[in-house]
Amino acid sequence: MAYERLRELIEGSNNIVFLGGAGVSTESNIPDFRSEDGLYKAKSKYGYSPEYLISRTAFDTNPELFFDYYKNNLIYRQAKPNKAHYALAALEKQGKLKAVVTQNIDNLHQMAGSKTVYELHGSVYRNYCMSCHKFYSLDEMMAIEGTVPHCSECGGIIKPDVVLYEEGLDARVWNGAQKAIREADMLIVGGTSLVVYPAASLVGDYRGDKLVLINKSVTSYDGMASLVIHDSIGEVLSSVVDF
């Protein structure tokens, strides 16, 4: 019944926006570093919380520690898009989905074929020298010898284009995401418990009456939604979207 209702809502919409979180990527075997296992791993091996290990303070004051954790826990080059990514790309191709807003940094939406993607927290696939701003791909950055990557042009430290704790979001990306959600006639929120801010606050920018929440666990926004489905985001979307 819930799946049929979701299909009906999608069929009756022409300006859909998807807001997604870590649960979209975990179905591609990318672990959520905020999970219980992630917290335990960070504290047992590194002695710090994940939030500190990928903070601007750690990057600036202890880059060896930062990059050791970052390279081993946030980069999964073998990961492939899953059914959720492909379903969303298909909806965009059909002209129904206008934008994906993601908290993930893994580029999987683009790999699946999505074109309009607002990456709130950046991407591991983009890296820049802090001094001369030379661009480095993920492969180029990972190929540099040593734990801390240094620029081949000027010797500066290369920083991933990822929003670290203590850093603000990119204004252009944030404004684009807000605008897309405000103009949407349907907002699908999936794979997120909506506890990470400011990303979770984007739900409040939606002005329509077709808010759909798809998440394995309950969220504080469930009472606001037109439809709530507590299940796998990949299973749900692949059941209602042809691709």
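The values are calculated or read from the model by the stated rules, or taken from the named source; none is laboratory data. Fair warning: this is a prediction, and the values are worked out from it, not measured in the lab. Counting neighbours? That spans all protein chains shown, and the Cβs are built from the backbone with ideal geometry, glycine included. For accessibility, only protein heavy atoms count, side chains too; no ligands or nucleic acids. Shrake-Rupley method; radii C 1.70, N 1.55, O 1.52, S 1.80 Å.
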Practice prompt. For residue 111, state whether it is assigned to a helix (DSSP H, G or I), modelled with pLDDT of 95 or more and either within 17 Å of the chain's Cα centre (by Cα) or of a type in the set (S, T, N, Q) (or both).
Written response: yes
Fill in: Search result, residues across region 149-162 that are hydrophobic (A, V, I, L, M, F, W, C) and open to solvent by less than 40 Å² (accessible area, probe 1.4 Å)
151, 158, 162
Discussion item. I'd like the residue in region 42-54 that is of a type outside the set (Ser, Thr, Tyr) and part of a loop (DSSP other than H, G, I, E, B) and, out of all such residues, is surrounded by the fewest Cβ atoms within 10 Å (Cβ to Cβ).
Written reply: 47
Fill in: Sole residue being over 22 Å from residue 208 (Cα atoms), of a type in the set (Asp, Glu) and surrounded by fewer than 18 Cβ atoms within 10 Å (Cβ to Cβ), chosen from 64, 27
64
Discussion item. What pairs come out if I take residues in region 38-55 that are over 18 Å from residue 22 (Cα atoms) and polar (S, T, N, Q) and pair them with residues that are open to solvent by less than 20 Å² (accessible area, probe 1.4 Å) and at pLDDT 85 or above whose C-beta lies under 8 Å away, six or more apart or interchain?
Written reply: 55/164
Item to complete: For region 55-84, enumerate the residues that are at pLDDT 95 or above, in contact with a Gly (Cβ under 8 Å, 6 or more places away or on another chain) and not in a loop (DSSP other than H, G, I, E, B).
Response: 83, 84
Worksheet item: Which condition number does residue 10 fail, the rest of (1) closer than 30 Å to residue 144 by Cβ; (2) aliphatic (A, V, I, L, M); (3) outside any loop (DSSP other than H, G, I, E, B); (4) in contact (Cβ under 8 Å) with a residue 24 or more places away in the chain being met?
Response: (1)
Worksheet item: How about region 189-225: which of its residues are open to solvent by 30 Å² or more (accessible area, probe 1.4 Å) and under 15 Å from residue 18 (Cα atoms)?
Response: 193, 201, 204, 207, 208, 209, 210
Practice prompt. Could you please tell me which pairs satisfy a Cβ distance under 9 Å, a separation of 6+ or placement on different chains, a first residue in region 206-218 that is farther than 14 Å from residue 188 by Cβ, and a second residue that is among the hydrophobic types (A, V, I, L, M, F, W, C)?
Written response: 207/181; 207/184; 216/233; 218/228
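Here is a yes/no grid of residues against (1) touching a Ser or Thr at 6+ places or on another chain (Cβ under 8 Å); (2) aliphatic (A, V, I, L, M); (3) within 22 Å of residue 192 (Cβ to Cβ):
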residue	(1), (2), (3)
108	yes, yes, yes
119	yes, no, yes
125	yes, no, yes
130	no, yes, no
159	no, no, no
165	yes, no, yes
170	no, no, yes
Practice prompt. Say whether the condition of being crowded, with 19+ Cβ neighbours inside 10 Å and assigned to a helix (DSSP H, G or I) is met by at least one residue in region 118-132.
Written response: no
Fill in: Residues of region 85-108 classified as outside any loop (DSSP other than H, G, I, E, B) and either more than 17 Å from residue 234 (Cβ to Cβ) or in contact with a strand residue (DSSP E or B) (Cβ under 6 Å, 6 or more places away or on another chain) (or both), total
9
Discussion item. Can you say whether residue 21 is of a type outside the set (S, T, N, Q) and crowded, with 18+ Cβ neighbours inside 10 Å, as far as the supplied structure shows?
Written reply: yes
